[in-house]
Amino acid sequence: MNRCWNGLLLAWLATMPVQAAPLRVDHVNGYTLDGAGKLRRFQALLVDDGKVVATGSHDELMARAHGATIVDGRGRTMLPGLIDAHGHVMELGQMRVQVDLTTSKSLAEALAGVTAFAAAHPESAWIRGRGWNQVVWKLGRFPTAVELDAVLPDRPAWLERAEQGVIQSRCAPSPFCSIRTGE
């Protein structure tokens, strides 16, 4: 519980209005992106006039932050700039291990993506995917399990729609899954 409060304190400090003195947050496990979009790690962060002005090692920022208020991050992770309260960070990670259907422009294109992903991942018992949108496809209906079964007859699949509100699921006979009709 104490960790939670410390994390909230750091988040709150990052949103504070402009301060008279600079703020240095030290001893953090920080990650940020450089101008080229490459991941950079840092140990300290310097805020001046309400803006992050530098990230770097403890020693680098200690020399630059005369008279700064110092907050000890106690080794916690810091992600400056990650302020979108609606970021689906977990889903971004999951997209690395499932078929990405977000750019599919038709049902046929989505099914081709599922087929290619399944061929590239024969070790996967289930094929998972996300991002299909029948509105973009101008299909006028949802895709069906029959269409999915035609390209993936040997494994079950779980494909989430773009807004995650609807899930298209196909289920092969297994002790973990059953489909009931007429109920």
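The values are calculated or read from the model by the stated rules, or taken from the named source; none is laboratory data. Here the structure is a predicted model, which means the values were calculated and not measured. Here the Cβ positions follow ideal geometry from the backbone for every residue, glycine too, while neighbour counts run over all protein chains shown.
Scan segment 85-126 for residues that are small (Gly, Ala, Ser) and under 17 Å from GLU163 (Cβ atoms) and jot them down. Reasoning before the result, please.
Step one: of segment 85-126, the residues small (Gly, Ala, Ser) are 85, 87, 93, 104, 106, 108, 110, 112-113, 116, 118-120, 124-125.
Of everything in segment 85-126, those that are small (Gly, Ala, Ser) and under 17 Å from GLU163 (Cβ atoms) turn out to be GLY87, SER104, ALA110.
Select, from TRP132, TRP126, TRP137, the only residue that is of a type outside the set (Ser, Thr, Tyr), more than 30 Å from GLY56 (Cα to Cα) and either surrounded by fewer than 16 Cβ atoms within 10 Å (Cβ to Cβ) or in contact with a Pro (Cβ under 6 Å, 6 or more places away or on another chain) (or both).
On the way: TRP132 fails: either surrounded by fewer than 16 Cβ atoms within 10 Å (Cβ to Cβ) or in contact with a Pro (Cβ under 6 Å, 6 or more places away or on another chain) (or both); TRP137 fails: either surrounded by fewer than 16 Cβ atoms within 10 Å (Cβ to Cβ) or in contact with a Pro (Cβ under 6 Å, 6 or more places away or on another chain) (or both).
Selected residue: TRP126, the only one of TRP132, TRP126, TRP137 that is of a type outside the set (Ser, Thr, Tyr), more than 30 Å from GLY56 (Cα to Cα) and either surrounded by fewer than 16 Cβ atoms within 10 Å (Cβ to Cβ) or in contact with a Pro (Cβ under 6 Å, 6 or more places away or on another chain) (or both).
Take GLY37 and tell me if it is on the phi > 0 side of the Ramachandran plot and without any contact (Cβ under 8 Å) to a residue 12 or more places away in the chain. Full working, then the answer.
Working: on the phi > 0 side of the Ramachandran plot: yes; without any contact (Cβ under 8 Å) to a residue 12 or more places away in the chain: yes.
So GLY37 passes the test.
So for segment 163-183 (the condition being touching a strand residue (DSSP E or B) at 6+ places or on another chain (Cβ under 7 Å) and modelled with pLDDT of 85 or more), does at least one residue qualify?
No, because not a single residue in segment 163-183 is touching a strand residue (DSSP E or B) at 6+ places or on another chain (Cβ under 7 Å) and modelled with pLDDT of 85 or more.
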